[in-house]
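The values are calculated or read from the model by the stated rules, or taken from the named source; none is laboratory data. Being a predicted model, the structure only gives us computed values, none of them experimental. Please note: Cβ atoms are built from the backbone with ideal geometry, for glycine as well, and neighbour counts cover all protein chains shown. Side chains included, ligands, DNA and RNA excluded: accessible areas come from the protein's heavy atoms. Shrake-Rupley method; radii C 1.70, N 1.55, O 1.52, S 1.80 Å.
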Amino acid sequence: TCDTATWLNYHGIDVTKSGYAVLYKAVDNHWHASHGATWTYEPGNTITAEDYAPTRECGAGLHLGATPHHAGAYMTDATKFVAVKVKVSELIPLGDKCKVRSVRVLHEVDGDGKRMSA
C-alpha cells in the first residue's frame, strides 16, 4: 500500500493549492451508492461519514475511485457517475480505490469524467 501522494500521482490526479482533489463515485438514478444508501450524492450535496476511521481498511469512510471506471468497478449496476471534491489530507489509499471523511458533490460526469450538461 502506498502513501497518499504516490497514489494521487500514480492516478494522475491534480491537487489544488488549497489541498483538494477531484475523485469519482458511481451511483444509481436516485444518486445513491451501493453502500450507504442513506447518503445522496446529488450535485451540490456535502456528505460526511460519521463512522470515519483513518485506517487502511475498507469501511469507516466514503469510498471513491480515481476515475469513473474505477468507481464503477465497485457498483456494476451504476447508472450515473459524479465528480466529488475531497480534502487530500483526509484521503487514505486502499489499493485501486480510496476513502475519505467527507465529499462535496460537484456535478454528474460521463464514463470518461467529462462534465455532463444539466
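Straight-line cross-link reach from Lys17 at under 16 Å between alpha-carbon atoms covers these lysines, not counting any fewer than eight positions away in the same chain: Lys85, Lys87. Among the lysines, which fall within straight-line cross-link reach of Lys80, defined as a Cα-Cα distance under 24 Å, with same-chain neighbours fewer than 8 residues apart omitted? Hits, sequence-local ones excluded: Lys25, Lys97, Lys99, Lys114. For the stretch 50-62, the Karplus equation 6.51 cos²θ - 1.76 cosθ + 1.60, evaluated at θ = phi - 60°, returns couplings of 5, 8, 3, 9, x, 10, 8, 10, 5, x, 6, x, 9 Hz by residue, with Gly and Pro reported as x. If R0 equals 30 Å, the separation of the Cβ atoms of Asp96 and Ser117 corresponds to a calculated FRET efficiency of about 0.55. Each residue, Thr6 and His69, gets one label point 7 Å from its Cα in the Cβ direction; the gap between the two is 2.3 nm. Of the solvent-accessible surface of the chain, computed with a 1.4 Å probe and all protein chains present, 49% belongs to carbon and sulfur.
Rg over Rh of the stretch 1-116, using C-alpha atoms and the Kirkwood radius, what does it come to? All intermediate terms of the calculation are to be shown ahead of the outcome.
Details: Rg = 12.7 Å, Rh = 13.8 Å.
Result for the stretch 1-116 is an Rg/Rh of 0.92.
Taking all protein chains together and a 1.4 Å probe, the residues Val88, Val22 rank Val22, Val88 from largest to smallest accessible area.
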